[in-house]
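The values are calculated or read from the model by the stated rules, or taken from the named source; none is laboratory data. All values reported here derive from a predicted model rather than from experimental measurement. Virtual Cβ from ideal backbone geometry, glycine too; neighbours counted across all protein chains shown.
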Amino acid sequence: MQPEQFFAASRIAIVAGKGGVGKTTVSAALARAAALSGLSTLIIEVEGKSGLAAAFGKAPLVYEQMVLSEGDGGAIGEVRARTVTPDDALIEYLRGHGLARLSKRLVNSGALDVVATAVPGIKDILVLGKVKQIERASASDRRLGGGTDFIVLDAPAAGHAITFLQSARGLADAVKVGPINAQASDVMGLLTDPTRCQVLLVTLPEETPVNELVETAFNLEDKVGVSLGPVVVNGLYPERAGLDADPVAAAEVAGATLRPGEADALSTAAAFRRHRMELQRAQVARLAEQLPLPQLRLPYLFNADLGPAEIDVLAGALLEGISALDDLTPAGNR
Amino acid sequence: MNLTELVESSEIIICCGSGGVGKTTAAAVLAMRAARAGRRAVVVTIDPAKRLADALGLDGIGNSPKAIEGDWSGELSAVMLDTKSTFDAIVSTYAADDQQAERILSNRFYRNISGALSGTQEYMAMEKLYELQADQHFDLVVVDTPPTRHALDFLDAPRRLTTFLDHRLYRMLMAPTRGVMKAVNVAAQTFVRSVAKVVGADVFDDAIAFFTAFEGMEQGFKQRAAIVLELLTDPRTAFVLVASPRRDTLEEAHFFAAKLGENDIPVEALIVNRMHPRFGDGRPEAARERARTLSGTDLGSLYANLAEFTLVAAREEEHLEGLAELVAPAPVVRVPFLRSDVHDVAGLDEIAEHLFPG
């Protein structure tokens, strides 16, 4: 599939996964991959984490959009990011409902927490409602030649992801009338429309994360009715030939001498990698068997922590993976 | 104090850290070690991976301790926290009579908050802790805390619940039912009406019914919250920080340790799971240089591989440095990648070898 086609399939990609699987890494790489395909891309972060901006070498995100990586005005789009926190979203929401004077007070007095407690999911729905608004605005802005082509939502860590995405349905049931109900219905409309939004689940090629991903995938389909995009498997050791060789024999062939203890270090390191790769392959196969979704695979980065250069490496791997996917069935036929 | 001494002398151990770092497994291993040392230990788990839960006999929801059979001289029990039943049990205990308990338990607002009040899970973990440590049967309670971004939610949880019960918004809500509406000023009325407008009138009515039913029970909750807070800061309680060597995870752990410090709670040990092993004692640059000159040969490949792992191991140690300093003199216990995922007692034993060497 052409990356352009992939990124045009739905305007929002929600990146979700359990803590520690590299959700933020994948969000960054996916946004950059879209930008490299010429799209102006926005990352929305909802937990106030600092990792994303730091990976691009920038200061922490704020409510206003900021540029994380520049475009070139043509073939490469820019990557921007912003946060959307419940407090900010609530203030905006109240302003939009003619309650501007009360909004500050509601947040400052801690009343938001109390309201949020009284209506579980209200924080989530405020955030998702704001995301929906950004999506709508971006769609209309584009006709004016600017705006955002593609949105990456870095979702809260699962299992909170399910609660987060389920909040719309829950609230629509719990609150039958009023603005919250309307908001919840709108968000449900967004989540269940595959042309507007799909979820990319992230996992590591290990047993427990794979199990949890499979469970989350079925829950999201059943309980939220959201469309699932490819699964991203993060942290695969890249293939390397020659790891079966015996160091002493290999040294003889190469005409090199080994220092004391080095043969052992070389062979145990090689054995470790072979073993881990075998486990990883087994988990990738198991995931494919249990979940009939295409996979995008990202390499483990040995050489450095995530920075702009590493994001580009991962974005390249995503683009390669996307190109190898089968063409999409038009959304209406799925 | 090393971990061996810690599990032999503490009465409560709290394992904390961000999600996905192996807290549940660490908690189980610590409790198992205590059982092997002849103590009667119970581990409270929050959300164990299914196969580990199966191995510990925790399939199915059980809110009371279940003994695990094994070759230990002491006892090992495990309990999987069920937030809602724990909350229900507390309500029943503190209600003046069955009618009050029933009114609360059947209230729709209560049913919402008992599962979803932010921090409820943390608070109930602490309630469970209180209940188990009061149980003379156990010498050691090990608690696996919920994964949380807001590092100290569980420390704040008791306070948060009482603040919630005390919140002046609710005082306002309840004012009409007490017939002192005239005492509430106009601004407050507008405020209350606005909130009702946003959340919906039915939610509002449920909330008022709940707080009316709850009348008189706050005191019990407050006392209990105070006791739990005291327990957490008691010297017989030990906090063990669990992390993985990724930069972002360690940054969170750092934040966590600093917050504990602000509350005068020392970290007694730092467990770092999933460390890459270190092969040989060469420098990564040396191996990489050899890989370059020998490029294209099998030996070159082997060196390139060695260089990658040496680099990763060095970077992990570097990430760890600042945190190790912060928690000093607490020991830093490194657990390497294991052969496979842990889902039985043998797997727990494999980790135990790293936590309790010798």
**Request:** Kindly list the number of the only condition in (1) surrounded by 13 or more Cβ atoms within 10 Å (Cβ to Cβ); (2) away from chain B (no Cβ under 12 Å) that fails for A:Asp222.
**Result:** (1)
**Those residues of the stretch B:1-22 which are part of a strand (DSSP E or B) and among the aliphatic types (A, V, I, L, M), in sequence order** = B:Ile12, B:Ile13, B:Ile14
**Message:** Only one of A:Arg105, A:Arg32, A:Arg82, A:Arg95 is farther than 25 Å from A:Met1 by Cα and modelled with pLDDT of 90 or more. Can you tell me which?
**Reply:** A:Arg82
**Message:** Restricting to the stretch A:6-55, name every residue that is farther than 17 Å from A:Leu298 by Cβ and within 14 Å of chain B (Cβ to nearest Cβ).
**Reply:** A:Gly19, A:Glu45, A:Val46, A:Glu47, A:Gly48, A:Lys49, A:Ser50, A:Ala53, A:Ala54
**Prompt:** Mind checking which pairs have a first residue in the stretch B:1-24 that is without any contact (Cβ under 8 Å) to a residue 40 or more places away in the chain and a second that is assigned to a loop (DSSP other than H, G, I, E, B), Cβ under 6 Å, 6 or more apart or different chains?
**Reply:** B:Glu8/B:Ala37
**Prompt:** Looking only at residues in the stretch B:33-51 that are assigned to a loop (DSSP other than H, G, I, E, B) and at pLDDT below 95, which one is nearest to the other protein chains (Cβ to nearest Cβ)?
**Reply:** B:Ala49
**Fill in**
Scanning the stretch B:305-328 for residues that are at the interface with chain A (Cβ under 7 Å from one of its Cβ atoms) and hydrophobic (A, V, I, L, M, F, W, C) gives B:Leu306, B:Phe309, B:Leu311, B:Val312
**Prompt:** Would you say B:Val327 is touching a residue at least 40 places away in the same chain (Cβ under 8 Å), surrounded by fewer than 19 Cβ atoms within 10 Å (Cβ to Cβ) and more than 21 Å from A:Tyr300 (Cβ to Cβ)?
**Reply:** no
**Number of positions in the stretch B:234-264 that are away from chain A (no Cβ under 14 Å), without any contact (Cβ under 8 Å) to a residue 40 or more places away in the chain and surrounded by 14 or more Cβ atoms within 10 Å (Cβ to Cβ)** = 0
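Residues are listed down the side, and each one gets a yes or a no for (1) out of contact with any His (no Cβ under 7 Å at 6 or more places or on another chain); (2) closer than 19 Å to A:Val248 by Cβ; (3) polar (S, T, N, Q); (4) at pLDDT below 95:
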site	(1), (2), (3), (4)
B:Arg283	yes, no, no, yes
B:Ala304	yes, yes, no, no
B:Phe309	no, no, no, no
B:Glu318	yes, no, no, yes
B:Gly322	no, no, no, yes
B:Pro331	yes, no, no, no
B:Val342	yes, no, no, yes
B:Ala346	yes, no, no, yes
B:Glu350	yes, no, no, yes
**Asked** Looking at B:Glu321, B:Glu285, B:Glu308, B:Glu289, which is the one that is among the acidic types (Asp, Glu) and under 28 Å from B:Glu5 (Cα atoms)?
**Response** B:Glu321
**Asked** Got a sec? Which helices (runs of 4 or more DSSP H) wholly within the stretch A:226-334 have at least 3 residues that are polar (S, T, N, Q) and surrounded by 14 or more Cβ atoms within 10 Å (Cβ to Cβ)?
**Response** A:262-290
**Request:** Say whether the condition of being within 12 Å of chain B (Cβ to nearest Cβ) and crowded, with 23+ Cβ neighbours inside 10 Å is met by at least one residue in the stretch A:170-178.
**Result:** yes
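Every residue, every condition in (1) out of contact with any Leu (no Cβ under 6 Å at 6 or more places or on another chain); (2) away from chain B (no Cβ under 11 Å), yes or no:
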site	(1), (2)
A:Glu252	yes, no
A:Pro260	yes, no
A:Arg276	yes, no
A:Leu279	yes, no
A:Ala282	yes, no
A:Leu287	yes, yes
A:Gln290	yes, yes
A:Pro294	no, yes
**Fill in**
Pairs returned, first residue in the stretch B:199-225 that is within 14 Å of another protein chain (Cβ to nearest Cβ), second residue that is modelled with pLDDT of 70 or more and surrounded by fewer than 20 Cβ atoms within 10 Å (Cβ to Cβ), beta-carbon separation under 7 angstrom, 6 or more apart or interchain, are B:Gly200/A:Gly178; B:Asp206/B:Arg108
**Message:** I want to confirm something. Restricting to the stretch B:73-120 and keeping residues that are in contact with a Pro (Cβ under 6 Å, 6 or more places away or on another chain) and either acidic (Asp, Glu) or closer than 18 Å to B:Phe211 by Cβ (or both), which single residue is modelled with the lowest pLDDT?
**Reply:** B:Ala116
